[in-house]
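Q: For reference, the structure I am asking about is given below.
The values are calculated or read from the model by the stated rules, or taken from the named source; none is laboratory data. Here the structure is a predicted model, which means the values were calculated and not measured. Because the Cβ atoms are built from the backbone with ideal geometry, glycine has one as well, and the counts that use them run over all protein chains shown.
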Amino acid sequence: ALVSTFTGPPGVGPVSLVSEAAPEVLVQRGSGWVGAALSRIDGPLKVRGMARFAAEFALDDMVYAALVFSTIAKGRIATLDTGAAEAAPGFVLVMTHRNAPRMQPMVPFGPNEKAAGNDNLPIMQDDRVRWNGQPIAVVLAETQEQADHAASLIRVTYEAEPATTSFAQAKANGTEGAVYFHHEIGDAEAELAAAAVSVDATYRTPYQNHNAIEPHAVTVAWHGDELVVHDASQSVVHNAWSLAHILGIEERQVHVTSPYVGGAFGGKFMGSHQVLAAAAARLAGRPVRLTLSREGVYRMVGGRALTEQRMAIGARRDGRFDAIIHTGTATHTRDSPHPEAFPFVSLSAYATGSLKTDLQWAFLDQVANAAMRAPGEAVGSFALESAVDEVAVALGMDPIELRIRNEPKTDPLNGAEFSSRNVVKAWRDGAERFGWAKRNPIPGAVRKGEWLVGMGCGTASHIYNRENGGAARLTLTSDGTVTVDIATHDAGMGTETAQTQIIAENLALHPDQVEFRLADSAMPGLVAGRGSSQTTTVAATVVEAKKMLVAELLTLIRADSPLAGLTAQQVGPRNAGLAKLDDPTRHETYTAILTRAKRDKVTVEASPDEPTEMNERSMHSYGAMFCEVRVNAVTGETRVSRMLGSMDCGRVINPKTAASQFRGGMIMAMGLALTEHTHYDERTGRIMNPSLAEYHIPVHLDVPEIDVIWTGIPDPHAPMGARGIGELSVTGTAAAIANAIYNATGKRIRELPITLDKLM
Ligand code: MOS
């Protein structure tokens, strides 16, 4: 078996990179590492408990933090009595607006490319309360239990002011349109009115909250004026910049690392908890560990906004769409940079004679919503793909056939060419594999004992992104190993593994000869782990670094080398070295090149050209999502019995990690469809179920075997032929489940989650 030269922390020993597939097959591939099913490089460390997460750094003299949250939605703090807390065992310090250091407000995502906050609010700088759950005190103590206890003794009274905490009130106050999402092509209302068959319905999706397996955490220490931050983050460079800006120090004085993250999903960008920890550590003169409780994540980190969507489709008898209308309202705060842009998914989905989209914001006094697992597209695709199913029912047409009939040749919004779109193939392959032909189209017709059985489907779609901030430092050493440093992230999706493969392939090395280092704000690059964009962003950077490395190595070639006299156009990486492209016998290993030149190493710093491919073409990943459900005719309980994702996402870098990404997204969509629901008290603005006991996510017993396949057709316009995959299967799948429930029961549920009360 292959054993990696990558060694974990002391005592762990060598870590095997390749656990599956015949190793000799992988070796024979040589430089063909892209596409190999490597197991995750970080996997062995994680299962042995050797991967240190943000809350696992034990620093000398460290103290523990606990937070107190406001219990009103708007107003001011009238009295704040910390006396009992200060007398509690182990108490070290309490920080409130009265003694917190003066700091700049949070900077939200926006024009500043390094900003990554979810709002623009001051952090513990005044007596104002802006949402129910806002942190109003930080207590430090010698142990976590002592901190929690002392925090529980703090007494607060408020002067409350009228707050907008109900959706109806927020709409009545007047909404504002998000200009970017307003589009009109033709007269969609007239086309809809004239259509032979039409659906015009309201779909609703609830507030949802982040529940990463690792709640947010940070361990911070000041060394003089320098701040070291062990973070759980999908944006280390952004967070270093943000902390420096907020605290009034230089960016180089802040060092953020986040090598292991237990899930991010849009919730782990820059938050106020890192700021509170840093400020409290400065006041106390001691390192601080601040871990958000599960409740704390609900109070302080926003999730999905609530949406109320009008989704209308007008079709001809032959199924062709003449009108698509996707409009409606999402909850929002005045300061949130996250639009919950549900109409987005309808812009490029289907050929249509006319199109109208619009997104209105209704403003509430609540924690700013955050990016969450395919924001906008996840909830928007529930409406769109449910409505397509409704049209199919109205036409008496197979829903896959209906989708294929409306397949656009170019982007319906602007006529742009698709970079690569093979969703029809995904549909055909998926239907075959899932046994779609066996589906009985008559709702409620299939019953096994108490269980009504149904099948449904929906299209997944997620826009392609590549970030502009790609940059890497590549160091080739004379022993033939390469190290690549880039400030990117692996929150569990397999970045480290996939990029190791991309580097190995590009440099014709074995993955054991590659070390990919990431998630350190001192490294090059400004690459947040977001928008399903990291793989392409980093891949483009690696390709650029390869070019620079080849050029650099050629300057070291001497007259006695087999490569003497060749130009960069004539050579490329091969067999752990360079070779003439059309004559591989003219080859020299990296080690030989460096040794002849008496060099220990060669370092190049690369940053690719600004990404433009997605401006020139319409670029999305796609999927044909299939689901079979059983709905209990007596209790209304829904069980998902089978799922298949048939994806079209360009080239798949690693089938194993990609399949996990797809499955993870489909499981999230199960939660979206069936269970996840933040109960928000509209009288008080308080979240009532801030715990996994009462906020239900799918658990192992809920999740069936999930099958995934893909077209594997490389995208000629994407780096390494790969488009994004992380968020893709969160879209379309909730509709596939809802459509399966309709097929099983004849009940069309347009409001998520589809709990049993809605099916009784
Ligand atoms: Mo994502 S929801 O862009 O982390």
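Q: With the condition kept exactly as written, say whether any residue in the range 128-136 is in contact with a helix residue (DSSP H, G or I) (Cβ under 7 Å, 6 or more places away or on another chain) and surrounded by fewer than 17 Cβ atoms within 10 Å (Cβ to Cβ).
A: Going through the range 128-136, the residues in contact with a helix residue (DSSP H, G or I) (Cβ under 7 Å, 6 or more places away or on another chain) turn out to be 133, 135.
Filter once more, keeping what is surrounded by fewer than 17 Cβ atoms within 10 Å (Cβ to Cβ): none.
The answer is no; no qualifying residue exists.
Q: For the range 580-591, does any single residue satisfy the condition of being at pLDDT below 95 and of a type in the set (A, V, I, L, M)?
A: Yes; the residues of the range 580-591 include at least one that is at pLDDT below 95 and of a type in the set (A, V, I, L, M).
Q: Answer yes or no as to whether N239 is within 16 Å of the ligand (Cβ to nearest atom), part of a helix (DSSP H, G or I), under 30 Å from G380 (Cβ atoms) and of a type in the set (S, T, N, Q). It would help to see each step written out before you state the result.
A: Values: within 16 Å of the ligand (Cβ to nearest atom): yes; part of a helix (DSSP H, G or I): yes; under 30 Å from G380 (Cβ atoms): yes; of a type in the set (S, T, N, Q): yes.
Yes: the conditions hold for N239.
Q: Pick out, from the range 533-633, the strands (runs of 3 or more DSSP E) lying fully within it that include 3 or more residues that are buried (at least 19 other Cβ atoms within 10 Å of the Cβ) and in contact (Cβ under 8 Å) with a residue 40 or more places away in the chain.
A: Details: elements: 571-574, 577-580, 583-589, 601-606, 620-632.
Once the strands (runs of 3 or more DSSP E) in the range 533-633 are filtered for at least 3 residues that are buried (at least 19 other Cβ atoms within 10 Å of the Cβ) and in contact (Cβ under 8 Å) with a residue 40 or more places away in the chain, what remains is 601-606, 620-632.
Q: Given (1) within 24 Å of G303 (Cα to Cα); (2) of a type outside the set (G, A, S); (3) away from the ligand (no atom under 16 Å from the Cβ), where does K268 come up short, assuming only one miss?
A: (3)
Listed here are the residues, each with its yes/no results for (1) surrounded by fewer than 24 Cβ atoms within 10 Å (Cβ to Cβ); (2) under 23 Å from M62 (Cβ atoms); (3) away from the ligand (no atom under 16 Å from the Cβ); (4) small (G, A, S).
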position: T202; (1), (2), (3), (4): yes, no, yes, no
position: P206; (1), (2), (3), (4): yes, no, yes, no
position: H216; (1), (2), (3), (4): no, yes, no, no
position: H245; (1), (2), (3), (4): yes, no, yes, no
position: I249; (1), (2), (3), (4): yes, yes, yes, no
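Q: Does the range 650-692 hold any residues that are touching a helix residue (DSSP H, G or I) at 6+ places or on another chain (Cβ under 9 Å) and part of a loop (DSSP other than H, G, I, E, B), and which are they?
A: R651, V652, I653, N654, E676, T678, E682, N689, P690, S691, L692 - these are the residues of the range 650-692 that are touching a helix residue (DSSP H, G or I) at 6+ places or on another chain (Cβ under 9 Å) and part of a loop (DSSP other than H, G, I, E, B).
Q: Here's a follow-up. On the given criteria, is V391 under 17 Å from D335 (Cα atoms) and either among the β-branched types (V, I, T) or within 16 Å of the ligand (Cβ to nearest atom) (or both)?
A: Details: under 17 Å from D335 (Cα atoms): no; either among the β-branched types (V, I, T) or within 16 Å of the ligand (Cβ to nearest atom) (or both): yes.
Spelling it out, it is not the case that V391 is under 17 Å from D335 (Cα atoms) and either among the β-branched types (V, I, T) or within 16 Å of the ligand (Cβ to nearest atom) (or both).
Q: Among the residues of the range 280-299, are any crowded, with 20+ Cβ neighbours inside 10 Å and farther than 24 Å from L93 by Cβ?
A: Within the range 280-299, one or more residues are crowded, with 20+ Cβ neighbours inside 10 Å and farther than 24 Å from L93 by Cβ.
Q: Next up: Between V220, V236, V254, V228, which is under 20 Å from the mean Cα position of the chain (by Cα) and either among the small types (G, A, S) or at pLDDT 95 or above (or both)?
A: Of the residues listed, the single one that is under 20 Å from the mean Cα position of the chain (by Cα) and either among the small types (G, A, S) or at pLDDT 95 or above (or both) is V236.
Q: Taking the range 356-370 as the search range and keeping residues that are among the small types (G, A, S) and in contact with an Asp or Glu (Cβ under 9 Å, 6 or more places away or on another chain), which one is farthest from the ligand (Cβ to nearest atom)? Full working, then the answer.
A: Of all residues in the range 356-370, those among the small types (G, A, S) come to 362, 368, 370.
Now narrow it down to the ones that are in contact with an Asp or Glu (Cβ under 9 Å, 6 or more places away or on another chain): 362, 368.
Numbers: A362: 21, A368: 14 Å.
Once the filter is applied, the top-ranked residue is A362.
Q: Related question: Of the conditions (1) farther than 22 Å from R748 by Cβ; (2) within 16 Å of the ligand (Cβ to nearest atom); (3) in contact with a helix residue (DSSP H, G or I) (Cβ under 9 Å, 6 or more places away or on another chain), V423 clears all except one; give me its number.
A: Unmet condition: (2).
Q: Let me ask something else about it. Can you name the residue in the range 681-692 that is over 24 Å from the mean Cα position of the chain (by Cα) and not basic (K, R) and, of all such residues, is surrounded by the most Cβ atoms within 10 Å (Cβ to Cβ)? Steps first, please.
A: So the first thing to find is which residues in the range 681-692 are over 24 Å from the mean Cα position of the chain (by Cα), and the list is 681-686, 688.
Still in the list and also not basic (K, R): 681-682, 684-685, 688.
Working: D681: 13, E682: 15, T684: 15, G685: 23, M688: 12.
Looking at residues that are over 24 Å from the mean Cα position of the chain (by Cα) and not basic (K, R), I get G685.
Q: Spot the failing condition for P412; the list is (1) assigned to a loop (DSSP other than H, G, I, E, B); (2) at pLDDT 95 or above; (3) not charged (D, E, K, R), and only one is missed.
A: Tallying (1) assigned to a loop (DSSP other than H, G, I, E, B); (2) at pLDDT 95 or above; (3) not charged (D, E, K, R), P412 fails exactly one: (2).
Q: Out of everything in the range 701-731 that is closer than 30 Å to A445 by Cβ and of a type in the set (D, E, K, R), what residue ends up being farthest from the ligand (Cβ to nearest atom)?
A: Across the range 701-731, the extreme among qualifying residues is E705.
Q: Restricting the search to the range 634-649, which residues are part of a strand (DSSP E or B) and under 23 Å from the mean Cα position of the chain (by Cα)? It would help to see each step written out before you state the result.
A: First pass over the range 634-649, keeping only residues part of a strand (DSSP E or B): 638-648.
Residues satisfying the conditions are M643, L644, G645, S646, M647, D648.
Per-residue answers, yes or no, for (1) part of a strand (DSSP E or B); (2) at pLDDT below 95; (3) of a type in the set (A, V, I, L, M, F, W, C); (4) touching a Ser or Thr at 6+ places or on another chain (Cβ under 8 Å):
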residue	(1), (2), (3), (4)
W131	no, no, yes, yes
Q146	no, no, no, no
E159	yes, no, no, no
K171	no, no, no, yes
Y180	no, yes, no, no
A193	no, no, yes, no
H210	no, no, no, no
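Q: Next question. If you take the residues of the range 371-383 that are hydrophobic (A, V, I, L, M, F, W, C) and closer than 14 Å to A736 by Cα, which of them is nearest to the ligand (Cβ to nearest atom)?
A: In this case the residue turns out to be A378.
Q: Same structure again: Let me spell it out: the conditions are (1) among the charged types (D, E, K, R); (2) closer than 22 Å to G267 by Cβ; (3) surrounded by fewer than 23 Cβ atoms within 10 Å (Cβ to Cβ); (4) touching a strand residue (DSSP E or B) at 6+ places or on another chain (Cβ under 7 Å), and E377 meets all of them except one. Which number is the exception?
A: (3)
Q: Do any strands (runs of 3 or more DSSP E) lying entirely in the range 41-116 carry at least 3 residues that are under 29 Å from G266 (Cβ atoms), and which ones are they?
A: Working: elements: 63-69, 75-81, 91-95.
Correct list: 63-69.
Q: Checking A734 against (1) touching a strand residue (DSSP E or B) at 6+ places or on another chain (Cβ under 6 Å); (2) over 21 Å from P655 (Cβ atoms); (3) within 16 Å of the ligand (Cβ to nearest atom): exactly one of these is not met. Which one?
A: Only one criterion in (1) touching a strand residue (DSSP E or B) at 6+ places or on another chain (Cβ under 6 Å); (2) over 21 Å from P655 (Cβ atoms); (3) within 16 Å of the ligand (Cβ to nearest atom) is unmet by A734, namely (1).
Q: On to the next question. Taking S386, is it modelled with pLDDT of 95 or more and within 16 Å of the ligand (Cβ to nearest atom)?
A: Considered against the rule, which asks whether it is modelled with pLDDT of 95 or more and within 16 Å of the ligand (Cβ to nearest atom), S386 comes out as no.
Q: Taking the range 588-603, which residues are of a type in the set (S, T, N, Q) and either within 9 Å of L476 (Cβ to Cβ) or under 42 Å from the mean Cα position of the chain (by Cα) (or both)?
A: So the first thing to find is which residues in the range 588-603 are of a type in the set (S, T, N, Q), and the list is 589, 591, 595, 603.
Passing the criteria: T589, T591, T603.
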